[in-house]
1. Among the residues of the range 248-270, write down those that are within 11 Å of the chain's Cα centre (by Cα) and of a type outside the set (Gly, Ala, Ser).
2. Checking residue 133 against (1) under 17 Å from residue 153 (Cα atoms); (2) modelled with pLDDT under 95; (3) outside any strand (DSSP E or B); (4) not hydrophobic (A, V, I, L, M, F, W, C), only one condition comes out false. Which one?
3. I'm trying to understand the selection: among the residues of the range 582-605, which are within 12 Å of the ligand (Cβ to nearest atom) and of a type in the set (Val, Ile, Thr)?
4. Which one is least open to solvent (accessible area, probe 1.4 Å), of the residues in the range 236-257 that are modelled with pLDDT of 75 or more and farther than 23 Å from residue 406 by Cα?
5. May I ask you to list the residues in the range 537-572 that are surrounded by fewer than 20 Cβ atoms within 10 Å (Cβ to Cβ) and assigned to a helix (DSSP H, G or I)?
6. Out of all the residues in the range 307-349, which are within 16 Å of the ligand (Cβ to nearest atom) and hydrophobic (A, V, I, L, M, F, W, C)?
7. The conditions are (1) in contact (Cβ under 8 Å) with a residue 60 or more places away in the chain; (2) surrounded by 15 or more Cβ atoms within 10 Å (Cβ to Cβ), and residue 502 fails exactly one of them. Which is it?
8. Listed residues 366, 371; which is farther than 30 Å from residue 499 by Cα, of a type outside the set (Asp, Glu) and away from the ligand (no atom under 16 Å from the Cβ)?
Amino acid sequence: MCGVVGYIGNREVSGVLVDGLKRLEYRGYDSCGVAIIDEGQPKIFRSVGRIGTLEEKIRQTNPTNGSVKCGIGHTRWATHGRPSEINSHPHRDCTGRFYVAHNGIIENYLYLKHRLMAEGHVFATETDTEVLPHLIEAYYEGDLEGAVRRALEDVEGVYGIVVVSSEGDGRQIVAARNGPPLVVGMGSGENFVASDVPALLPYTRSVVFLQDGQIAVVSSDSVQIKNSQGECMRQPPETINWTAEMAEKEGYAHFMLKEIHEQPRAIRDTLRGRIGADDTVTVGRELGKADFLAGVERLQIVGMGTSLHAAQVGKFMIESLARVPVEVDNASEFRYRDPIITPKSLVIGISQSGETADTLAAMKEAREKGARLLSICNVVGSQAARQSDAVLYTHAGPEIGVASTKAFITQLTALYLLALELAQLRRTLPQHEIQRHVRELRDVPDQIRKILDGSQSIAQLAERFWQYSDFLYLGRGINCPIAMEGALKLKEISYIHAEGYAAGEMKHGPIALIDAEMPVVVLAPRDTVYRKTMGNVEEVKVRDGIVIAVATEGDCEIGQKADHTVYIPEAGSFVNPILTTIPLQLFAYHIAVLRECDVDKPRNLAKSVTVE
Ligand code: AGP
């Protein structure tokens with residue numbers, strides 16, 4: 001998830017672009033750039049890191065002195081090609097006439113790149129995006145919109161793009177959308193384009209939201225919206241009545257709530273290009289040599305906090321589906337316990353930020369002992385990614401809230417894909433079984449959407465419990481780590497004491513805590529251990545404990561036993577941990593809001609813990 005902007009008008013263009021990018025920085029901030037066409041002369045500025053650095057670069061050269069000023073800009077969240085100046089957008093063609101800033105993923109970029117190179121095009125970057133300006137160059141016959149439309153016919157994937165050209169004196173921006181958002185801001189004698197409203201609000205509240213397949217041809221005195229056939233569409237502008245700050249959160253009160261609601265999109269992006277039309281799994285090419293994976297005898301997964309909980313769920317998925325023994329370690333313990341590593345060991349480091357010192361140190365320890373390293377990471381170019389032999393990126397986009405939500409859900413999705421890929425390679429599952437699992441994965445975004453649409457009941461539940469001071473979370477099997485995760489979410493944002501336990505562990509101690517003041521959250525989807533879990537519900541009820549159950553739709557039995565029940569859609573046993581997590585995220589969120597905690601920046605915590 002990146003941010004793109006475009007401006008054409010009489011203002012000092014670089015100021016408008018930089019200001020817009022700053023307001024989109026929550027979408028990605030590992031590198032950035034602008035391309036300005038000033039009296040037909042293209043000027044490019046790019047830099048690694050935050051917009052401030054780019055702004056300083058531009059200020060030192062004072063680029064524009066022409067009348068009509070046109071330009072595009074980009075703030076990056078890398079997916080293909082590590083964050084570097086050369087890989088930052090906008091990207092150009094061989095002749096330096098066409099410039100493109102892109103938010104999204106071009107899935108068939110390797111095929112297009114090889115085709116264009118065979119036609120003589122010279123590539124300068126590692127990115128997927130660079131194929132776009134070269135395609136436009138290949139199809140350009142005097143009409144920029146036509147060349148963009150033709151180029152996009154060759155593209156598979158998602159995009160929100162803005163394009164400018166020195167051809168025709170740069171009196172035009174062409175914008176196109178298929179998937180990621182793109183908004184046109186209407187001005188008088190000037191017009192704007194951006195990935196999101198915050199970049200436009202200082203200048204206009206009159207906007208047109210582009211729909212999938214639409215192209216906008218924007219000049220300083222006109223905006224034409226066209227459909228995929230090139231026909232003009234009448235699309236009256238809407239008026240936005242948000243503050244810029246509200247807009248960054250897209251109207252949500254906190255980044256955490258926004259990120260919880262982004263999970264369906266985050267999963268779709270993490271599945272994108274990794275499952276085939278025939279419901280097979282295709283992450284193999286990202287995981288390094290197939291023969292190595294097929295020969296792995298021992299898997300060790302390390303992580304901290306929420307990433308450790310993901311690792312614990314991953315153990316269930318990989319052992320059950322691929323029949324490889326998996327050890328899971330708290331990274332800060334792993335590196336000091338002289339772990340047994342063999343040449344047939346694969347060590348997986350899970351980290352949203354890719355910068356967590358404990359996890360990096362554990363991966364380094366494993367490397368020194370001769371293990372191969374795979375990281376499951378959300379930040380392209382982070383240390384974890386750089387020190388690994390292979391990386392399976394989660395495409396959650398930037399996670400601003402300290403409490404990890406969408407990154408966790410995409411980690412579970414990536415681990416499910418990894419387990420299925422290993423099962424496919426090691427032939428531990430028949431093809432039709434793999435395909436069944438893939439179909440179940442495809443349904444997850446809609447199932448999560450359903451839970452989110454019915455989340456008012458969880459907010460009401462939080463109103464009943466926000467004043468309690470202790471909580472127990474119980475889960476069995478693959479949902480046991482989810483109980484730990486639910487407790488962690490509540491602890492870290494509401495500062496309430498909460499413990500997650502394997503439900504079977506209860507009677508070996510924690511049951512002593514049960515009384516009428518102890519709410520117990522029980523994860524009880526209809527799975528192979530359901531009956532056992534119901535036994536634990538009984539144990540709590542007979543001691544006057546309060547049971548809040550997360551259960552499968554249609555399960556009346558638990559509805560009669562538990563004091564409160566939150567239902568999730570019926571799903572397969574490997575999808576359940578993804579779905580049971582959502583109500584726990586929302587429950588913790590609403591309780592923290594009611595306790596007036598700083599939900600996005602909780603006390604004593606940092607988004608990335610870079611010290612041991
Ligand atoms: C989770 O909400 C916390 N922010 C924290 O436990 C986090 O999961 C842990 O610090 C690991 O971070 P990482 O995934 O970036 O390595």
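The values are calculated or read from the model by the stated rules, or taken from the named source; none is laboratory data. All of these numbers come straight from a predicted model, not from anything done at the bench. For neighbour counting, all protein chains shown are included, and Cβ atoms are generated from backbone atoms with ideal geometry for every residue, glycine included. Protein only, heavy atoms only, side chains kept; ligands, DNA and RNA dropped before computing areas. Shrake-Rupley method; radii C 1.70, N 1.55, O 1.52, S 1.80 Å.
1. 259, 260, 262, 263, 264, 265, 267, 268, 269, 270
2. Here residue 133 clears every test but (2).
3. 599
4. Of everything passing the filter in the range 236-257, 240 is least open to solvent (accessible area, probe 1.4 Å).
5. 538, 539, 541, 556, 557, 559, 560, 561
6. Selection gives 308, 310, 311, 313, 328, 331, 334, 347, 348.
7. All conditions pass for residue 502, except number (1).
8. 371
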